[in-house]
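What follows is a short report on a single structure.
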Amino acid sequence: RDSKAWRRWGAYDASAIVVDNFVMRPGENGTIYKLSTTENSVTMHSQLRYRKAGIAPGMESSPAVYKNYLYTSDNRGNILCTNINTMKPVWCFSNTDDTDATVIIAEEEDNVVLYAGSAVDKQASPGYCHFTKLNALTGEVIWQKKIACRKLGGSGKSIEGGMFSTPLLGHGDCEGLIFTNLCGMGSSDVGTFVAISRATGEIVYRTRLQHYAWSSPVAFYTDDNQMYIFTGDVTGNAYLIEGKSGRIIFKQHMVNNFESSPVVIDNCFVVGSRGREICKFRIL
């Protein structure tokens, strides 16, 4: 707990990130911590606390870094760019609603861009996932698309709709696309895997999943640069999807629930489940 924090909720959903000899750690207490590290110690260096419209929002998504800029999103929809050297804000953009999905930074042509997608949380349901592409250096909007999503019913309470998984940049035969999972898209009460044009923000295709997905998609490439995508849903189904077409090549129920995101090792994926099992898949 931090007695000086402007928000009293002391949890940490975000992953920390190492930048040179520092660890950057966003908290749900509305504070970004900069920790100085040596071989034997970690000490507090500085912090950034911020409010918007009088509210200190919490950060549940993990940060991204480009050079000396740290990018975070929070549960009030703010996307904040912070100068790591000075721990001062550079720009702030309102993405309308709670943004739990980790933002993506990419170098495109002569520009550095940021992709971010929001949940349907503070909005009435049905609402919109705001999928946004910004100039990462200035915060200017390149495009923003409103994707109709709604909250999902279950266990006597509603579950937020929209985007929770980290988007995946396409490469190889999927250059120019970005992929993500969406909860409650349109009239569906389940999940949808979508491919989106990085140039325009338009949806190129959508693939219906059996249930909604919080786990992030990851990529596997063949020797001739064909992209295949692995993802899992909240009831433990595993999917292997052809990136170019969205065709499901493999689907099988494996465990109780995939919420964590996989790691890729050569031609294998390793992912943990809420059912206390760790699965390893090999692509043959």
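Laboratory data are not the source of any read-out in this text; all were calculated from the coordinates shown. These numbers were taken from a predicted model, which means no experiment stands behind them. Quick reminder, even Gly has a Cβ in these numbers, built from the backbone with ideal geometry, and neighbours come from all protein chains shown.
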In whole Å, largest first, what are the principal axis extents of the Cα atoms in the chain? 50, 44, 42
Any idea what % of Cα-Cα pairs in the range 1-130 are farther than 20 Å? 44 percent
As a test of understanding, state the convex hull volume per residue of the range 89-239 from its alpha carbons, in Å³. 112 Å³
Euclidean distance of C-alpha centroids, the range 240-265 and the range 161-188, integer Å: 13 Å
With x for Gly and Pro, the residue-by-residue ³J(HN,Hα) of the range 27-42, computed from phi through the Karplus equation 6.51 cos²θ - 1.76 cosθ + 1.60 at θ = phi - 60° and given in whole Hz, is x, 6, 8, x, 10, 9, 9, 10, 10, 8, 10, 10, 4, 10, 8, 10
How many angstrom lie between the Cα centre of the range 22-37 and the Cα centre of the range 189-204? 32 Å
Please tell me which of these pairs span more than 23 angstrom C-alpha to C-alpha: LYS122/LYS145; LYS52/LYS88; LYS157/LYS251; LYS122/LYS146? LYS157/LYS251
Whole-Hz ³J(HN,Hα) from phi, Karplus 6.51 cos²θ - 1.76 cosθ + 1.60, for the range 167-172, glycine and proline x: x, 10, 6, x, 9, x
Of the convex hull drawn through the C-alpha atoms of the range 157-256, the volume per residue in Å³ is 91 Å³
Give the long-range amide H neighbours of ILE84: residues separated by 5 or more places, or on another chain, with amide H under 5 Å away, using H modelled in the peptide plane at 1.01 Å from N. TYR69, LEU70
For the range 193-249, what number results from the quotient of the Cα radius of gyration and 2.2 N^0.38 Å? 1.14
Semi-axes of the equivalent ellipsoid for the range 1-76, Cα gyration tensor, largest first, Å: 21, 14, 10
With N residues in the range 48-101, what two-decimal value do you get for its Cα radius of gyration over 2.2 N^0.38 Å? 1.04
Near the amide H of LEU209, under 5 Å away, which other amide H atoms are found, from residues 5 or more places off or on another chain, if H is placed in the peptide plane? GLY191, THR192, PHE193
Taking the range 101-140, which GluC sites (Glu not before Pro) meet the DSSP loop condition and have no more than 16 other C-beta atoms within 10 Å? GLU109, GLU140
Quick one: work out the % antiparallel among DSSP beta bridges in the range 1-106, nearest 5. 100 percent
Quick one: length gained pulling GLU109 to ARG276 fully straight, 0.36 nm per residue minus the C-alpha distance? 55.8 nm
Using modelled amide H (1.01 Å from N, peptide plane; none on Pro or chain starts), what sits under 5 Å from the amide H of VAL204, excluding residues fewer than 5 places away? ALA195, ILE196, SER197
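Loop only by DSSP, 15 or fewer other Cβ within 10 Å of the Cβ. Give me the GluC sites (Glu not before Pro) in the range 18-80 that pass, ordered by residue number.
GLU39
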For the range 201-282, which trypsin sites (Lys or Arg not before Pro) are both in a DSSP coil and crowded by at most 14 other Cβ atoms within 10 Å? ARG247, ARG274, ARG276
Dipole moment magnitude, nearest 20 debye, the chain about Cα centre, only Lys, Arg, Asp, Glu C-beta charged: 1040 debye
Using a 10 angstrom cutoff on alpha carbons, build the Gaussian network for the chain and name the most mobile of SER62, SER118, SER36. SER36
